[in-house]
There are 2 protein chains.
Amino acid sequence: MRTMAELNCPLPIRSKNTILLGHGSGGRLSSELLQDVFLRELGNPILSKLEDQAIVPIGSQRVAISTDSFVVKPLFFPGGDIGSLAVNGTVNDLAMCGATPLYLSAAFILEEGLSRETLCRVVHSMREAAEVARVQVVTGDTKVVERGKGDQLFSNTTGLGVVAQGLDLSAAHARCGDKVILSGSIGDHGIAILAQREGLEFESAISSDCAALHGLVTEMLRVSRGIRCMRDPTRGGLSSTLHEIAVQSGVAIEIEEREIPVHEDVKGACELLGLDPLYVANEGKLVAIAAPEEADEILSAMRRHPLGREACIIGRVRDDRVGLVTMRTRLGTSRIVDILAGDQLPRIC
Amino acid sequence: MRTMAELNCPLPIRSKNTILLGHGSGGRLSSELLQDVFLRELGNPILSKLEDQAIVPIGSQRVAISTDSFVVKPLFFPGGDIGSLAVNGTVNDLAMCGATPLYLSAAFILEEGLSRETLCRVVHSMREAAEVARVQVVTGDTKVVERGKGDQLFSNTTGLGVVAQGLDLSAAHARCGDKVILSGSIGDHGIAILAQREGLEFESAISSDCAALHGLVTEMLRVSRGIRCMRDPTRGGLSSTLHEIAVQSGVAIEIEEREIPVHEDVKGACELLGLDPLYVANEGKLVAIAAPEEADEILSAMRRHPLGREACIIGRVRDDRVGLVTMRTRLGTSRIVDILAGDQLPRIC
C-alpha cells in the first residue's frame, strides 16, 4: 500500500526507492536509472557511449551487438505483433550504426497457461520478419514462469551485425548547421497499440509502422558519407531521440512543427487522447543528422525507398542552447520540447 | 479453472494446447516444444544443431553466440543470485564449445514496485561475476511491466566469444568407447535454490555451485584434442544432458552410480524431498565426452583446477542401445535413466 505522502510526492523523489513504469519509458526516468544503476556498476568505454548498439572488435571485423526485451501489450496489433517487433526492433538498432544485420538470438519467457497457438503465431511471425530482413535466428532459449508471474509472453532478441571499416556514426557527432532528417510520419506504432489495447475505434484503422530499416540505411549510406548519426525514435518518441543527440553532441536542435509528418488519423487520435505525437513511439522510422550540403541528396535517396517516401528535413542543429530541443510551432512561436518525464504509454514495445 | 478431465489427463495430451511449467524444465516437454514450434518455424543448419551456442562465421573468425533468460526464484540464494547466474550461465554456454567468452549483453524486465536496492544488488553482482569471468557487458536494455505482470526481475544475457580454428566440439561427436567425465558433485544448485525457496533448513548450508567454467575448459583443451563434446548439466540435470548427447550422437551412455559425486548434504536433502540428484540442476559443472586414451590426462588437468578438484570418470559410451542412458547402481543392477518428463523444480535458473 502506498501512503498518501508517497502518492503526493513528485515523481523524482518517489522513484528513488522503487521502480516505476516510467523507468521503462525511454524518457527521463529511464535515463536516470541507466546512469545511476547500470552505468555506475557496469560502465566501460563501450557501454558508456550510450548508443543503441555496441561495436566491438572481433578479429579484423567491427561487430555490432544490440539487445532488446519485448513486453508489448497486446501481443498482436494492427501492422505487427511481438514476433515481428522483436526482429525489426533489434535489426533497427543494428542498422542505426550502419551495420549489416546478420544473426539474431531469440529468447522467450512464457507464462504457464499460454495457448500454444499464440506461441506458434508469434514464432511464425518472427520467422517471416527474419526472412524479410534477411537475418538468421541462430540460437534461443525458453523459460516458463507460473501463472500470474508473467504476462503471456515476453521475448528478447539480441542481434549481431558487421560495420564497414571507417564508418563512425554516433549521437555525439551532430554539429552546428547540420540538418535533421526524419524518414516519415510519427506516432503510428504507439497509437496503433493504444487503440488496440483500449478497444478504441478510429475512423480508419491505424497500423503500426513496424519495419526493418537497414535497406533504407544502405541506400542513404550509398549516396553520402555526410551522415553523422542515425537513431530510431522508439520508446519516448522523437522528442527523446532528439534530446539524446542534443545532449551527447553538446548542441541544440530546432525543429519545425509544420515539417513533421503526422498522419491525419494519428493526429486526431492524439488530440482525442491528449497525447503529443512527439512523445509517441515509432517502430519503423529513423532520424538522421546530416551535413547540410549532403542533406538533399540523402533525402532524395530516402524518398526512392518504400520506407522513406515521406522523408523530410524537419530541423537543424544549432549551438546556442546546448542540450535543448526547441520547436517552432505553426503559429510562429518557439517552445521547448522537454524530455518525457514519467510514462506516457507503458509496454509499447 | 481446469476441469477434472483436464486434471486427470496425462501430461503429453494436456500439453498439446497449453504451455506448462514443464516446458521450461529442460526435459522431454522442453525438447518437444523446441522441435514442434521453434525448429519447425525457425530451423536452419545452425539452429538445428541444437548445441548450447551457435557458431557463426564473421570475417575470418568463428564467433560463438549464446542466449539465456533467467527467471530464478528467489533472486538471491546461497552461493549466488540472478546477477551472477546470468553472467556465469551464458559464459558457460559459450565455454562448452571451447569459445573464449568476450562480450555480454544484459537485458532486464522489471516489475513495477521492485525495490531499487534489489536491482542495485543484482547489477552489482553481475559486475563482480563479469570481472571474475573477464567479460565485458557492452550493451543492455530495461523494460518495466505493471505490478502483478512479472515477478520482481527477469534478466537475459547474450554472450559472444571466439572459437579457435579447427576446434569442433559437438554433442553429436560421442563415439563408442569414449569416457564420460564429470567435473564435480551434482545437485548443489538445485537443492540450494529449493532450500532457500521453501525455507528448509539443512544441517549444513548448501550453496549453489554457480561459477564460470571457461578457465577449467582452457586447461582441458590445453592438454588434449581428444575432447569430443562438453555440456553443462543445468536445467534437467545430468540425466537430460547425457540424453541429449546419446540421442544426438546415436550412441548409448552407461554411467556408474558409485562414481557420481554427490555431497552428503545434497544426498540427504534429495532423500528427504524425494528427488533424484541426476535430475537436479547444476550451474558450475560440466560433462565431457573424451577419447578413452586421453581421459586420464584430461582428468588430471581438471583436478589441478579449483573448479575440477572432484572431477572423475563416471561412465562410458556404448553402441548397443542407441539413444539410451543406463546406470549401474550400487547394488550392481542396471537401470534406465529416463529423461525428465514433467517438471521437477521450476524456475531454477
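The values are calculated or read from the model by the stated rules, or taken from the named source; none is laboratory data. Just so we're clear, the structure is a prediction, and the values are computed from it rather than from any experiment. So basically every Cβ, Gly included, is an ideal-geometry build from the backbone, and we count neighbours across all protein chains shown. Side chains are part of the model used for accessible areas, which takes the heavy atoms of the whole protein and leaves out ligands, DNA and RNA. Shrake-Rupley method; radii C 1.70, N 1.55, O 1.52, S 1.80 Å.
Hey, residue A:216 hits all of (1) open to solvent by 10 Å² or more (accessible area, probe 1.4 Å); (2) more than 14 Å from chain B (Cβ to nearest Cβ) but one; which does it fall short on?
(1)
In this structure, does residue B:283 turn out to be modelled with pLDDT of 95 or more, among the acidic types (Asp, Glu) and open to solvent by less than 30 Å² (accessible area, probe 1.4 Å)?
Here the answer is yes, as residue B:283 does meet what is asked.
Return the residue satisfying two criteria in turn: it lies in region B:115-139 and is farther than 17 Å from residue A:44 by Cβ and of a type in the set (A, V, I, L, M, F, W, C), and of such residues it is surrounded by the fewest Cβ atoms within 10 Å (Cβ to Cβ).
B:120
Could you please let me know if residue A:270 is touching a His at 6+ places or on another chain (Cβ under 9 Å), open to solvent by less than 20 Å² (accessible area, probe 1.4 Å) and under 28 Å from residue A:73 (Cα atoms)?
Against the criterion (touching a His at 6+ places or on another chain (Cβ under 9 Å), open to solvent by less than 20 Å² (accessible area, probe 1.4 Å) and under 28 Å from residue A:73 (Cα atoms)), residue A:270 does not qualify.
Please specify each residue of region B:194-210 satisfying the condition of being surrounded by fewer than 22 Cβ atoms within 10 Å (Cβ to Cβ) and at pLDDT 95 or above.
Across region B:194-210, the qualifying residue is only B:207.
Does residue A:26 satisfy the criteria of being open to solvent by 10 Å² or more (accessible area, probe 1.4 Å), touching a strand residue (DSSP E or B) at 6+ places or on another chain (Cβ under 6 Å) and at positive phi?
In short, no.
Going through region A:147-199 one residue at a time, which ones are farther than 29 Å from residue A:267 by Cα, of a type in the set (Ser, Thr, Tyr) and touching a helix residue (DSSP H, G or I) at 6+ places or on another chain (Cβ under 6 Å)?
Selection gives A:155, A:157.
Which number in (1) open to solvent by 30 Å² or more (accessible area, probe 1.4 Å); (2) among the basic types (Lys, Arg); (3) facing chain B (nearest Cβ under 7 Å) marks the one condition that residue A:62 misses?
Here residue A:62 meets the rest and fails (3).
Which of the residues that make up region B:113-125 are in contact with a helix residue (DSSP H, G or I) (Cβ under 7 Å, 6 or more places away or on another chain) and at the interface with another protein chain (Cβ under 7 Å from one of its Cβ atoms)?
Those that are in contact with a helix residue (DSSP H, G or I) (Cβ under 7 Å, 6 or more places away or on another chain) and at the interface with another protein chain (Cβ under 7 Å from one of its Cβ atoms): B:119, B:120, B:123, B:124.
Would region B:26-42 turn up any residue that is of a type outside the set (D, E, K, R) and within 18 Å of residue A:101 (Cα to Cα)?
yes
Go through (1) at pLDDT 95 or above; (2) farther than 30 Å from residue B:59 by Cα; (3) open to solvent by 10 Å² or more (accessible area, probe 1.4 Å); (4) facing chain B (nearest Cβ under 10 Å) one by one and return the number of the condition residue A:68 breaks.
(2)
For region B:140-154, which residues satisfy the criterion of being open to solvent by less than 10 Å² (accessible area, probe 1.4 Å) and at the interface with another protein chain (Cβ under 7 Å from one of its Cβ atoms)? Steps first, please.
Here is the first cut: in region B:140-154, the residues open to solvent by less than 10 Å² (accessible area, probe 1.4 Å) are B:143-145, B:150, B:153-154.
Within region B:140-154, B:143, B:144, B:145, B:150, B:154 meet the criteria.
Does region B:105-112 contain at least one residue that is within 9 Å of chain A (Cβ to nearest Cβ) and in a loop (DSSP other than H, G, I, E, B)? Working first, answer last.
The first filter runs over region B:105-112 and keeps only residues within 9 Å of chain A (Cβ to nearest Cβ), leaving B:105-112.
This time we only want the ones that are in a loop (DSSP other than H, G, I, E, B), so: B:112.
The answer is yes; a qualifying residue exists.
Filter region B:155-172 for residues that are outside any loop (DSSP other than H, G, I, E, B) and open to solvent by less than 10 Å² (accessible area, probe 1.4 Å) and give the result. So that I can check it myself, show each step before the final result.
Here is the first cut: in region B:155-172, the residues outside any loop (DSSP other than H, G, I, E, B) are B:155-163.
Selection gives B:155, B:156, B:157, B:158, B:159, B:160, B:161, B:163.
For region A:140-177, how many residues meet the condition of being more than 30 Å from residue A:61 (Cα to Cα) and in contact (Cβ under 8 Å) with a residue 60 or more places away in the chain? Full working, then the answer.
Taking region A:140-177 first, the residues more than 30 Å from residue A:61 (Cα to Cα) are A:142-154, A:176-177.
When the remaining residues are screened for being in contact (Cβ under 8 Å) with a residue 60 or more places away in the chain, the result is A:151-154, A:176-177.
So the answer is 6.
Determine whether region A:318-336 contains at least one residue that is surrounded by fewer than 21 Cβ atoms within 10 Å (Cβ to Cβ), touching a strand residue (DSSP E or B) at 6+ places or on another chain (Cβ under 9 Å) and closer than 29 Å to residue A:69 by Cα.
yes
Do we find that residue B:101 is part of a strand (DSSP E or B) and more than 9 Å from chain A (Cβ to nearest Cβ) in this structure?
yes
Looking at region A:221-238, which of its residues are surrounded by 24 or more Cβ atoms within 10 Å (Cβ to Cβ) and polar (S, T, N, Q)?
Passing the criteria: only A:234.
I'd like to verify a number: residues in region B:55-97 that are within 16 Å of residue B:107 (Cα to Cα) and in a loop (DSSP other than H, G, I, E, B), how many? So that I can check it myself, show each step before the final result.
From region B:55-97, those within 16 Å of residue B:107 (Cα to Cα) are B:65-72, B:75, B:81-91; that's our starting set.
Filter once more, so that each one left must be in a loop (DSSP other than H, G, I, E, B): B:71-72, B:75.
Matching residues across region B:55-97 total 3.
Does region B:173-193 include one or more residues that are closer than 30 Å to residue B:298 by Cα, modelled with pLDDT of 95 or more, crowded, with 24+ Cβ neighbours inside 10 Å and within 11 Å of another protein chain (Cβ to nearest Cβ)?
Scanning region B:173-193 turns up no residue that is closer than 30 Å to residue B:298 by Cα, modelled with pLDDT of 95 or more, crowded, with 24+ Cβ neighbours inside 10 Å and within 11 Å of another protein chain (Cβ to nearest Cβ).
Yes or no: residue B:77 within 9 Å of chain A (Cβ to nearest Cβ) and under 18 Å from residue A:149 (Cβ atoms)?
When the stated conditions are applied, residue B:77 does not pass them.
Pairs under 8 Å by beta carbon, first residue open to solvent by 10 Å² or more (accessible area, probe 1.4 Å) in region A:89-114, partner modelled with pLDDT under 95 and in a helix (DSSP H, G or I), six or more apart or different chains?
Cβ pairs passing all conditions: A:112/B:21.
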